[in-house]
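Structure, as structure tokens:
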Amino acid sequence: MKHILLIATGGTIASRHTAEGLAPRITPEELLSYVPDAASFCSIDTVQPINLDSTNIRPEHWLLLANLIEENYHRYDGFVICHGTDTLAYTASALSYLIQRTSKPIVLTGAQRSIDEDTTDAKVNLLDALRFACSGKSGVCIVFGSHVIAGTRARKSRTKSYNAFTSLNFPDLASVHESRVVRYIPYEPQGEPVFYHKLNTRVFLLKLTPGMDPAAFEAAGKLCDGLIIESYGMGGIPDVYLEELDKLIRQGKTVIMATQVPQEGSDLSVYQVGKHVKDRYHLLETYDMTLESTVTKLMWAMGQSSDPQEIRKLFCATVNYDMLF
Ligand code: ASP
């Protein structure tokens, strides 16, 4: 029988109604009491390092989770993390960079309704996540609403419906229906797992809106070592910001161009408004990556090195299916 570590971190799945609104109150043991069938296919230990609405999750919590998994890696066949849905895609992305080449499943799940509600999706999601964690080799992924999504590809695309997550620009890895796991993409990690212990959190995501004050570039530059510009369409920089962009690049900031459009990704080489900055500065761009992955990958890459060339190399290497380009 497979041995799984259930890591509870809070979120709706573990919340109760309080006078102040929904808040995480349910212990991991109580969570398991709602899914007695799990005992028929795995043995489970539990730990609750934090108990938060995921709105309050910060990069130090990603490092804490990665360390917890590293310390327990050889004791378990897989890990299931119960997590709030709001920032679940960020945590899944961050763990994809902090724990690479894992052959043991690291599965994140959550729910749109608390596990103690009659109409909850939590029991199915938790059972599916445990089932997937017992089903063989896998990397960091999300199991939610029957979908198994690569940790770097998820977006919370619905605030209320049960199918809250979408895999952006990449197919689902697998699906789970009752006790059946159907894998669409084989997973064969090469070599031993690698754990990383550092993030540089001085990353800022600047979303362009028509007419935005150019001073926003200078303000963002003061807050960060790495700036992600969330531009329009395939990507471009409005002329009024070129001077500010130039200053940031001369200050040695890593600048990455991304797009506000969730599907199909950027391509700066298509339009003059993108091509001239790409050619002039060899700007990095996100192509088909999600913004959640872009933010966490840049934190990870800048955590490993402060050399711009090395950051560029780390950012451009595919990790856990995060970019196809
Ligand atoms: N606010 C909750 C959280 O992210 C939402 C959820 O879990 O669905 O913790």
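Laid out as a table, the results:
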read-out: Quotient of C-alpha Rg and 2.2 N^0.38 Å, computed over the stretch 107-151; value: 1.13
read-out: Sparse-neighbourhood loop sites, chymotrypsin sites (Phe, Trp or Tyr not before Pro) in the stretch 97-186 - DSSP loop, at most 14 other Cβ within 10 angstrom; value: Y184
read-out: Nearest 10 degrees, 0 to 90: helix 88-98 Cα axis against the chain principal axis; value: 80 degrees
read-out: Order of C82, C316 - criterion: other Cβ atoms within 10 Å of each residue's Cβ, fewest first; value: C316, C82
read-out: Angle between the chain longest axis and helix 59-72 axis [Cα atoms, degrees, rounded to 10]; value: 50 degrees
read-out: Tensor-based shape of the stretch 1-135 (alpha-carbon gyration tensor, a/c under 1.5 rounded, otherwise prolate or oblate); value: oblate
read-out: Cα shape, the stretch 80-136, gyration tensor, a/c 1.5 rule; value: oblate
read-out: Cα-based reach from K123 at 18 Å (exclusive), listing aspartates and glutamates while leaving out same-chain residues under 8 positions away; value: E29, E30, D37, D45, E178
read-out: Expected-Rg normalisation [2.2 N^0.38 Å, Cα atoms] applied to the stretch 199-291; value: 0.98
read-out: Helical contribution to [θ] at 222 nm, DSSP H n ≥ 4, -39,500 (n - 2.57), averaged over the chain, rounded to 500; value: -8500 deg cm²/dmol
read-out: Nearest 10 degrees, 0 to 90: helix 291-304 Cα axis against the chain principal axis; value: 80 degrees
read-out: Given charges at beta-carbon only (K, R positive; D, E negative), |dipole| of the chain in Debye; value: 340 debye
read-out: Across K137/K198; K247/K297; K247/K278, pairs whose alpha-carbon gap is larger than 22 Å; value: K137/K198; K247/K297
read-out: Tensor-based shape of the stretch 11-90 (alpha-carbon gyration tensor, a/c under 1.5 rounded, otherwise prolate or oblate); value: oblate
read-out: Where chymotrypsin sites (Phe, Trp or Tyr not before Pro) fall in DSSP loop in the stretch 1-68, at most 15 other Cβ within 10 Å; value: F41
read-out: Dimensionless Rg ratio for the chain, taking C-alpha atoms and the 2.2 N^0.38 Å reference; value: 1.02
read-out: Likely footprinting exposure, R180, R202, fewest C-beta neighbours within 10 Å first; value: R180, R202
read-out: Net +/- balance of residues flanking T55 in space, Cβ distance below 13 Å, scoring K and R +1, D and E -1; value: 0
read-out: Positive-end residue, the stretch 111-208 charge dipole about Cα centroid, Cβ charges, pick of C134, S179, T159; value: T159
read-out: Footprinting exposure proxy for L52, L5, L64 (fewest neighbouring C-beta atoms within 10 Å first); value: L64, L52, L5
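Since every read-out is calculated from the coordinates, none of them should be taken as a lab result. In this text the structure is predicted, and so the values were computed from the model without any measurement. Glycine also receives a Cβ, built like all others from the backbone with ideal geometry; neighbour counts cover every protein chain displayed.
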